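Following: one structure in structure tokens, then a few remarks.
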Amino acid sequence: MSMLNSTRNQVIVAVILALALVMVYMNFVSPLQSEKESKAKLLVQKKQELDSLNKRAAGGSAVGAAEQISLSKARSRVPEVPDVEGLIREVRMLEVITKMSLASYNFEIGKAADPVAAPASSAQPANGSATPAATAAVMPSLAIPVKLNTTVKGDYQQIRRFLSELQTANRLMQVDKLTFAVKGAAPVKLNASKREITVNISLVSYYAPGLQKFFKAPLPVPYNKPAGKTNPLY
């Protein structure tokens, strides 16, 4: 009889212990595990948000591959810096093609204007929407001009070729002003040489400082390595 009571007591104690373990698990262990999983998911989410912010701060990696290609194409046409050397290189190619030499290179580089706040009376109309004039007064210019004023001499075919090839240049360039000067000559002359025309031309290119936030490295400068020569510094 005593043995049965002892066995019964052991079973009761085992059941009580099992119930206690289940209650401890349900009330303490399970909530802690759920909270741990929730915290782990939240940590992963915050890391992703931090990576996204770092990419945006870094610039170009914040956009996709297609956008990177479009930005690179736009950068070759309108760089993020004035890049006067690159502009001279483009013009020199035109000189070689047309067999004409520019007399000089006189550059006028525009600067980014600081945003100017519009007056309170004109910045906000009665209906609460900003007017185009107020928006233009607040927003800085996206493309800043770089002007090249020069003089070139050549015959009609050379000048026509120069203006035609100008449209195919890698750098975006436009003709702002164009004046001609021709020396007087007889209306008809046999075996006459081609008449020389002096052209005063003003070309306008552009640069966009806003593109700097999309590119970590500065604008690359292509160059040819000298044959048979080494740099002793590296």
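Where a number appears in this text, it was derived from the coordinates with a stated rule and is not lab data. Because the structure is predicted, anything quoted here is derived from the model rather than measured. All Cβ positions, glycine included, derive from the backbone under ideal geometry; neighbour counts span all protein chains shown.
Some observations on this one:
- Efficiency of FRET between residue 39 and residue 14 - r from beta-carbon atoms, R0 41 angstrom, step 0.05: 0.70
- Formal net charge of residues neighbouring residue 183 (Cβ-Cβ distance under 10 Å; K, R +1; D, E -1): 0
- Computed E for residue 49/residue 142 - FRET, C-beta separation, R0 25 angstrom, nearest 0.05: 0.30
- Computed lengthening from residue 153 to residue 194, 0.36 nm per intervening residue step minus Cα-Cα distance: 13.6 nm
- Full-stretch length increase - residue 101, residue 29 - with 0.36 nm per residue and alpha-carbon distance subtracted: 17.4 nm
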